[in-house]
Amino acid sequence: MSLNPSTEELTSPSEGRPGIRSWLMDMDGVLVHEEHMIAGADRFLRLLHERELPFLVLTNNSLFTRRDLSARLRRSGVDVPEGSIWTSALATARFLGDQRPGGSAFVIGEVGLTTALHAAGYTLTERDPDYVVVGETRTYSFSRITEAIRHVIGGARFIATNPDPSGPSAEGPLPATGSLAALISSATGVSPYYVGKPNPLMMRTALNTISAHSETTAMVGDSMKTDIIAGLEAGLETILVLTGVTSMPDVDRFPHRPSRIVDSIADLIPEVEA
């Protein structure tokens, strides 16, 4: 692999850490790119399954259920069971279920978020909600946004699934949860609590889901702003792949650094095979 010499020290496993036994990884930019499989992703996941190594695919995408995402990945050539997918919607639902069991929420979002909240025992309501919860949506409604603003001003706690301001599409960037949350925040003066990456809370809930320990878990991601900093703050080994949003020249612009940099997830196959 051809890497900048100044980052050569980041291309081999970190010294002083035990071997990696569990894996967390981002979806877009690591396993797939615009619904096309990234070379080696299928073999890497197959090896994890054959060696019975716990893993979760993490995504800030709250649009879809785990079943939907599993089907979408399968169409791209990547086989990920439903139970091996962890979304910001699921992390948000677990957080709210722990904070206020059996609560209520006014939701701006799609089926991935509403399904997760229902499963956590939450009631979705238009009247006096405990929380306003904002996730990704493709159907922005002025009346729903206005209602959310009024609920927050009225005392509802403000939660957003993730801070991403935009997301990718074949046609170009799309406004995402962070942009919508910023609109509500600007109108109310109230900042939301973001549950998804880079909040290490999402990493901890993922670790708990697969009964993994931070000392023996790696986070593989393509974003220095979300994946790498979240893994770092959760105490994981962090591995940056260059098949997504971050290029090698970008790395030195950040105050934090990954444990390792590889060209793609295919470069991790020998480590799992060993």
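The numbers here are math on the coordinates, done by the rules we state, and not lab data. These figures come from a predicted structure and were not determined experimentally. Positions of Cβ are backbone-derived with ideal geometry, glycine not excepted, and every protein chain shown enters the neighbour counts.
With an 8 Å cut-off on Cα pairs and a minimum separation of 6 or more residues, tell me the relative contact order of the chain in percent. List each step's numbers first, then the result.
Numbers: 528 pairs, mean separation 60.8, N = 274.
Across the chain, relative contact order equals 22 percent.
Quick check on the chain: helices-only [θ] at 222 nm, where DSSP H runs of length 4 and up contribute -39,500 (n - 2.57) each and the sum goes over total residues. Nearest 500, please.
Values: 10 runs with 89 residues, N = 274.
It comes out at -9000 deg cm²/dmol, rounded to the nearest 500.
The percentage of C-alpha pairs in the chain whose separation is greater than 25 Å is 45%.
Its relative contact order, with pairs defined as Cα atoms under 8 Å and 6+ residues apart, puts the range 26-80 at 46 percent. Protection proxy ranking for 226-232, 118-124, using the average of other Cβ atoms within 10 Å per residue and placing the highest first: 226-232, 118-124.
Of all DSSP-defined beta bridges confined to the range 89-194, some 15% are antiparallel rather than parallel. In vacuum, with every alpha carbon of the range 89-194 counted as one equal point scatterer, what does the Debye formula give for log10 I(q)/I(0) at q = 0.12 Å⁻¹? Two decimals, please. Reported log10 I(q)/I(0), two decimals: -0.35.
Put a dot 7 Å past the Cα of R138, heading toward its Cβ, do the same for E35, and the two dots end up 0.9 nm apart.
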